[in-house]
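The values are calculated or read from the model by the stated rules, or taken from the named source; none is laboratory data. Values in this document were obtained by computation on a predicted structure and should not be read as measured data. All Cβ positions, glycine included, derive from the backbone under ideal geometry; neighbour counts span all protein chains shown.
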Amino acid sequence: MKPLSQAVASVPPSGIRRFFDVAAQLEDCISLGVGEPDFVTPWHIREAAIWAIEKGFTTYTSNYGLFTLRQRIASHLKARYGVDYSPESEIIVTVGVSEGLDIAMRALLNPGDEVIFFEPSYVSYAPCVLFAGGKPVPVPTDYRQGFQPDVHRLREAITPRTKAVLLCYPNNPTGAVASRAALEEVVRIAVEHDLYLITDEIYDRLVYDTQHTCVASLPGAAERTILLGGFSKSYAMTGWRIGYACAPAQIIEMMMKVHQYTMLCAPIAAQKAAEEALERGEPEVERMRREYDRRRRLIVERLNEIGLECVPPQGAFYVFPSIRCTGLRSEEFTEQLLWEERVAVVPGNVFGNSGEGHVRLSYATSLPKIEEALHRIERFVNKRRK
């Protein structure tokens, strides 16, 4: 047989899923691995989908998505961040933010084009660049600076082949929220070098003790920015697979071509549920955000007590503590913790080289499970403390 795709073969499977799959087979295992809300999608959102199916909403939609949903997305972004997008031509509904990222890369990149992103970073960023024929260029950040984007290193990473800068704030895996000043500097650099900006803002509603800055709202950003957002995290709708991309019309048209020939459209019942989420979901978003904040405060305090230095995250539902006090590398720490104490976390190195020396814990699980997991982690660390 002839060889399969070299680009795909060169990409390892997700390090997150590997530990999740093992944990699922172990008895009495507490998983702090996968970033999925432990809340069920609010009833009124589920009911909207049930109603839609009962009323016969079982067909294809426009490739762009339901116009009524695009209208609500435009109104939502305008009200929250003051950004203006035309529902007719500047918004496309995607099958989750993951698809939005994929089609954004394929619409932007020519072979050999470079995409810069800050590490630690979500595991799919480099593969999506590679699958689109581009070259991923990671730029490290430092936990001692709160994992803020390093604009000096960004400038140093730019070459004549640089096409875009990919941002993710609030950040997965670190929980960092980039300061407005840092993002303004990133935009200035993008304007100076005529670069596109792709901004993954799936966690925009989950921020604590600070404010989220929508990149597209910054001066000079809108005309070169692809804004990716969705419903999975804030509305506890991971399985519904609904996201969206907003950008200038010519970019959305290019993205739509890829979407049209691969996904066609997002599921109509899920789109109707997303409409309900935007229309009446705010109280539930705030309720879940407050509960995440309660868990966040507990987990940061306890990890620091244990000796795993942890920068308090300001967004998402992850902590990214240092494990250097144990003398173990990330993979060693994670595997030994899983088998000895039945606690699943994610090794930091799967998020890039600058994630080594850290692990990611998700606090999107119940408080009693978090408390028990921390008790087990403390017992594990005490055995290995240098």
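Does the stretch 312-319 include one or more residues that are assigned to a helix (DSSP H, G or I) and either under 30 Å from residue 76 (Cβ atoms) or modelled with pLDDT of 95 or more (or both)? No: zero hits.
Go through the residues of the stretch 238-261 one by one and say whether even a single one is in contact with a Ser or Thr (Cβ under 9 Å, 6 or more places away or on another chain), outside any strand (DSSP E or B), more than 17 Å from residue 85 (Cβ to Cβ) and of a type in the set (Ser, Thr, Tyr). Yes, that holds for at least one residue.
Taken as a whole, the condition of being among the aliphatic types (A, V, I, L, M) and either assigned by TED's automatic domain parsing to the domain that holds residue 189 or modelled with pLDDT of 95 or more (or both) does not apply to residue 23. Cβ separations smaller than 6 Å between residues 6+ apart or across chains give the following pairs from the stretch 242-254 residues that are of a type in the set (Val, Ile, Thr) to residues that are crowded, with 24+ Cβ neighbours inside 10 Å and assigned to a strand (DSSP E or B): 252/92.
For the stretch 28-38, the criterion of being closer than 30 Å to residue 224 by Cβ, modelled with pLDDT under 95, surrounded by 15 or more Cβ atoms within 10 Å (Cβ to Cβ) and not assigned by TED's automatic domain parsing to the domain that holds residue 131 is satisfied by at least one residue.
Please go through the stretch 274-309 and give me each residue that is outside any helix (DSSP H, G or I) and under 30 Å from residue 75 (Cα atoms), ordered by number. Lay out the reasoning, then the answer.
Going residue by residue through the stretch 274-309, those that are outside any helix (DSSP H, G or I) are 281, 307-309.
Residue satisfying the conditions is 281 alone.
Looking only at residues in the stretch 59-83 that are part of a loop (DSSP other than H, G, I, E, B) and either in contact with a Leu (Cβ under 7 Å, 6 or more places away or on another chain) or outside the structural domain of residue 271 (by TED's automatic domain parsing) (or both), the one that is surrounded by the most Cβ atoms within 10 Å (Cβ to Cβ) is 83. Can you spot a residue in the stretch 217-224 that is among the aliphatic types (A, V, I, L, M), at negative phi and buried (at least 24 other Cβ atoms within 10 Å of the Cβ)? Looking through the stretch 217-224, none of the residues is among the aliphatic types (A, V, I, L, M), at negative phi and buried (at least 24 other Cβ atoms within 10 Å of the Cβ). Say whether the condition of being under 25 Å from residue 203 (Cβ atoms), charged (D, E, K, R) and in contact with a Cys (Cβ under 7 Å, 6 or more places away or on another chain) is met by at least one residue in the stretch 84-94. Scanning the stretch 84-94 turns up at least one residue that is under 25 Å from residue 203 (Cβ atoms), charged (D, E, K, R) and in contact with a Cys (Cβ under 7 Å, 6 or more places away or on another chain). Looking for whichever is of a type outside the set (Val, Ile, Thr) and either in contact with a strand residue (DSSP E or B) (Cβ under 8 Å, 6 or more places away or on another chain) or closer than 19 Å to residue 34 by Cβ (or both) here; the options are 332, 341. Which one fits? It is 341. Just to be sure, is residue 295 out of contact with any Asp or Glu (no Cβ under 6 Å at 6 or more places or on another chain), closer than 30 Å to residue 11 by Cα, surrounded by 15 or more Cβ atoms within 10 Å (Cβ to Cβ) and among the basic types (Lys, Arg)? When the stated conditions are applied, residue 295 does not pass them.
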